[in-house]
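Peer 1: Once you've had a glance at the structure underneath, I'll fire off some questions.
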Amino acid sequence: DISKKEYSDILDDLFPSRGGVSTSSGLQIYNGVALGYISEGNETKITLPNTIKAIANDFYISSTGGKIKELFIPKSITKITDYLGNNVDFESFEIVYSDDNKFYYLENIIVEEGSTLFKTENICLTNFDGDTLLYLMNQSVENLDLLKYSYFSNSIIYNPLPNIITKLKTFKFNLIKEKNSDNYFNIFFQYASEEANFSAINYDYLEIGNVIDNYTFGIYNKQVSINKLVLNGSFKNVYIDDFN
């Protein structure tokens, strides 16, 4: 048991940009920006009101046991900002849904018709232009094609992805060049490393785009099997490293 002040201090450490907002339950707002949502009940849905014009680029959700499944985003939200209201790049947007150091993922995000900021495509939340993947919803699908996306949110790169990635039959994605860096991020490696803790991956088809020269594709986990692998990109040599 901790006091609300101790809880507030912890949140300040985790989310230094949150502006010291109240730790009471419900929607957390500062400077007119929706910063996050703290649940102390059994609600399963968050509905952002149409009085909100901006959403924080590190929008957080706290819900014991991951009870919240759905988020409604009204068309009134037309900006992604920091907590002070300064506009930021789409790629910095993330929904951080966690409790007790465990990450959860929403199963459904509804964007109100008429929004000029967001849209949803199958299990994907994207920007309105549809070139930046912002969020993957935790739904059961067999096929996932992410090759159309040129840009990815911080949440894709830095947060654990939903376990749907391990349950797919076919998966297509691009190597992601991190902004202001020469490093490339590989979604598949997040799950296929030797240390990863998951049930077996059995892909019928895996396709990776934007492959660069001297790229190494490796499988270091005996629980991973891939029937057909396709690598596309500008390269002279690539390397296949199969643990088995």
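Peer 1: Sorting Ser225, Ser153 by accessible area (1.4 Å probe), largest first, what list results?
Peer 2: Correct descending sequence by accessible area is Ser225, Ser153.
Peer 1: Nearest 10 degrees is fine. How inclined is helix 4-14 to the longest principal axis of the chain, computing both from alpha carbons?
Peer 2: Here the helix axis deviates by roughly 40 degrees.
Peer 1: To the nearest 10 square angstrom, how much accessible area does Ser234 have with a 1.4 angstrom probe?
Peer 2: Accessible area, nearest 10 Å²: 100 Å².
Peer 1: Report ³J(HN,Hα) in whole Hz for each residue of region 71-88, in order, from the Karplus equation J = 6.51 cos²θ - 1.76 cosθ + 1.60 where θ = phi - 60°; Gly and Pro get x.
Peer 2: 10, 9, 10, x, 5, 5, 7, 10, 9, 9, 9, 7, 5, 8, x, 7, 4, 9
Peer 1: Sort Lys53, Lys167 by heavy-atom solvent-accessible area, probe 1.4 angstrom, most to least. Mind dumping the intermediate values first?
Peer 2: Values: Lys53 110, Lys167 140 Å².
Reading off the accessible areas and sorting them downward yields Lys167, Lys53.
Peer 1: Along region 206-216, what does the Karplus equation 6.51 cos²θ - 1.76 cosθ + 1.60 (θ = phi - 60°) give for ³J(HN,Hα), rounded to whole Hz, x for Gly and Pro?
Peer 2: Values, residue by residue: 10, 10, 10, x, 6, 5, 9, 4, 6, 5, 10 Hz.
Peer 1: Net charge around Ile46, counting only other residues with Cβ within less than 15 Å of its Cβ (Lys, Arg = +1; Asp, Glu = -1)? The partial results should precede the final answer.
Peer 2: Details: positive: Lys45, Lys67, Lys69; negative: Glu40, Glu43, Glu70, Asp99, Glu107, Glu112.
Net charge around Ile46: -3.
Peer 1: Also: Tell me the carbon and sulfur percent of the accessible area for the chain, rounded to whole percent, probe radius 1.4 Å. Write out the running numbers ahead of the final one.
Peer 2: Values: 5450 of 12440 Å².
On the chain, the fraction of accessible area on carbon and sulfur atoms equals 44 percent.
Peer 1: Something else about it: Can you list the residues, at least 5 places off or on another chain, whose amide H is less than 5 Å from the amide H of Ser98, using H built in the peptide plane?
Peer 2: When sequence neighbours closer than 5 places are left aside, the close amide H contacts are Ile61, Ser63, Tyr104.
Peer 1: Same structure again: So how do 112-121, 155-164 stack up, highest first, on mean other-Cβ count within 10 Å? Don't skip to the answer; put the middle values down first.
Peer 2: On the way: 112-121: 14.0, 155-164: 17.4.
Most protected by this proxy first, the peptides run 155-164, 112-121.
Peer 1: Next up: Of the peptides 91-101, 211-221, how do they stack up when ordered by the mean number of other Cβ atoms within 10 Å, highest first?
Peer 2: Numbers: 91-101: 17.0, 211-221: 15.4.
Result, highest mean Cβ count within 10 Å first: 91-101, 211-221.
Peer 1: Looking at the chain, I'd like the Rg to Rh ratio, where Rg is from alpha-carbon atoms and Rh is Kirkwood's inverse mean 1/r. Let's see the in-between values first.
Peer 2: Details: Rg = 19.2 Å, Rh = 19.3 Å.
On the Cα set of the chain, Rg over Rh gives 0.99.
Peer 1: Tell me, what is the per residue accessible area of the chain in Å², probe radius 1.4 Å?
Peer 2: Details: 12440 Å² over 244 residues.
Counting only protein heavy atoms, the per-residue value for the chain is 51 Å².
Peer 1: To continue, here is another question. Indicate, rounded to the nearest 5 percent, the antiparallel portion of the DSSP beta bridges found entirely in the chain.
Peer 2: 30 percent
Peer 1: Pull out a ≥ b ≥ c, the square roots of the eigenvalues of the alpha-carbon gyration tensor of region 39-114, then state rounded if a/c is under 1.5, prolate if not and a/b is larger than b/c, and oblate in the remaining case. List each step's numbers first, then the result.
Peer 2: Details: a/c = 2.09, a/b = 1.40, b/c = 1.49.
Oblate shape, in that a/c is at least 1.5 and b/c is the bigger or equal ratio.
Peer 1: Rounded to whole Hz and in sequence order, give me ³J(HN,Hα) for region 130-142 from the Karplus expression 6.51 cos²θ - 1.76 cosθ + 1.60, θ = phi - 60°, writing x for Gly and Pro.
Peer 2: x, 9, 10, 7, 9, 6, 10, 7, 8, 10, 8, 9, 9
Peer 1: Related question: For the pair Gln223/Gln190, report the inter-label distance in nm, with labels modelled 7 Å from Cα in the Cβ direction.
Peer 2: 1.7 nm
Peer 1: Hey, another quick one. Beyond a 20 Å Cα-Cα separation, which of these cross-linked pairs lie in this structure: Lys45/Lys67; Lys102/Lys179; Lys53/Lys75; Lys45/Lys75; Lys45/Lys119?
Peer 2: Working: Lys45/Lys67 9 Å; Lys102/Lys179 27 Å; Lys53/Lys75 9 Å; Lys45/Lys75 17 Å; Lys45/Lys119 18 Å.
Listed pairs above 20 Å: Lys102/Lys179.
Peer 1: Please list, or write none, the lysines whose alpha carbon is within less than 20 Å of the alpha carbon of Lys222, excluding same-chain residues fewer than 8 places away.
Peer 2: Output for Lys222: Lys167, Lys169.
Peer 1: Over region 45-196, calculate the relative contact order: mean separation of alpha carbon pairs under 8 Å at least 6 apart, over the residue count, as a percent.
Peer 2: Numbers: 297 pairs, mean separation 26.9, N = 152.
Relative CO of region 45-196 lands at 18 percent.
The values are calculated or read from the model by the stated rules, or taken from the named source; none is laboratory data. Computed from a predicted structure; not experimentally measured. Cβ coordinates were reconstructed from backbone atoms using ideal geometry, including for glycine residues, and neighbour counts include every protein chain displayed. Ligands, DNA and RNA are excluded from the accessible area calculation, which covers all protein heavy atoms including side chains. Shrake-Rupley method; radii C 1.70, N 1.55, O 1.52, S 1.80 Å.
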